[in-house]
1. Could you give the angle, 0 to 90 degrees to the nearest 10, between helix 156-172's Cα long axis and the longest principal axis of the Cα atoms of the chain?
2. So in the chain, what percent of DSSP beta bridges are antiparallel if you round to the nearest 5?
3. Please arrange 147, 58 by counting, for each residue, the other beta carbons lying within 10 Å of its beta carbon, fewest first.
4. What's the long-distance tail for the range 55-146, i.e. % of Cα pairs beyond 19 Å?
5. Using the alpha-carbon atoms, what tilt in degrees (0 to 90, nearest 10) does helix 174-183 show relative to the longest principal axis of the chain?
6. Run lengths n ≥ 4 of DSSP H only: what is the helix-derived mean residue ellipticity at 222 nm for the chain, with -39500 (n - 2.57) per run over all residues, to the nearest 500?
7. Return the inverse of the average 1/r over all pairs of distinct C-alpha atoms in the range 1-115, which is the Kirkwood hydrodynamic radius, in Å to one decimal.
8. Compute the helix-to-body angle for 16-28: its Cα long axis versus the longest principal axis of the chain, expressed 0 to 90° and rounded to tens.
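Bear in mind these aren't lab numbers, they're just calculated from the coordinates by the rules spelled out. All values reported here derive from a predicted model rather than from experimental measurement. For neighbour counting, all protein chains shown are included, and Cβ atoms are generated from backbone atoms with ideal geometry for every residue, glycine included.
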Ligand SMILES: Cc1cc2nc3c(=O)[nH]c(=O)nc-3n(C[C@H](O)[C@H](O)[C@H](O)COP(=O)(O)OP(=O)(O)OC[C@H]3O[C@@H](n4cnc5c(N)ncnc54)[C@H](O)[C@@H]3O)c2cc1C
């Protein structure tokens, strides 16, 4: 970021330390465009199709995505799916959940045996099915995403997904670890107050007259 900005400021961009400091200054000053230079390539695997559908709503920076095919995947041995903790924790609930998933698998197989094309059988696949996508996005998009999705009111799987992204990027480099620590936060931490109608109470709601 600092190198790109430095080019436009006529700065000495051969000094890596100065570049780094300049990049941080840009972030601190809210010069959002510079945060579009760091490109992030990710494989998101084993998350539900449901959370990936929510992930797709974040279109800032025109991210590029490829997703696992539901036309060609062979469901002969069933499909992986995400099980919510609430279902795991409730006696009897996981049996209902697992039986439903198995029933769907049996129906997929039965339809295929009847000669129905796999792309049509796949209509039965649930939002809870695990999927995989390959994403290219940028720092700005991810910071913005964190404000919505690290909110305690966001869907729990997306909160977990944000945690996973933060962990993976923090492990990638110290520079990323710094950015995650200082810029990835729920919107209430950004504003200093909560703007959600139903607040979790983490931050007080702003008194709007
Ligand atoms: C508690 C909670 C509940 C939610 N419930 C739902 C729900 O029920 N259904 C649902 O669909 N979503 C829901 N969301 C997601 C949310 O409303 C957004 O749709 C999602 O976060 C992605 O959109 P975005 O604008 O935040 O991000 P992006 O699309 O990545 O946009 C990022 C920023 O870029 C700018 N921008 C983007 N597009 C434009 C544009 N066309 N013109 C000008 N500026 C633009 C804006 O400044 C925007 O903030 C929920 C979020 C939370 C936290």
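1. The angle comes out at about 50 degrees.
2. On the way: 14 of 15 bridges.
So the antiparallel bridges in the chain amount to around 95 percent.
3. Numbers: 147 18, 58 15.
With the sparsest Cβ surroundings first, the list reads 58, 147.
4. On the way: 2299 of 4186 pairs.
Counting pairs separated by more than 19 Å, the tail of P(r) holds 55 percent.
5. Between the helix axis and the principal axis of the chain, the angle is about 90 degrees.
6. Numbers: 10 runs with 101 residues, N = 209.
After summing the helix terms and dividing by the residues of the chain, the value is -14000 deg cm²/dmol.
7. Numbers: mean 1/r = 0.0527 Å⁻¹.
Value: 19.0 Å, from the Cα pair sum.
8. 70 degrees
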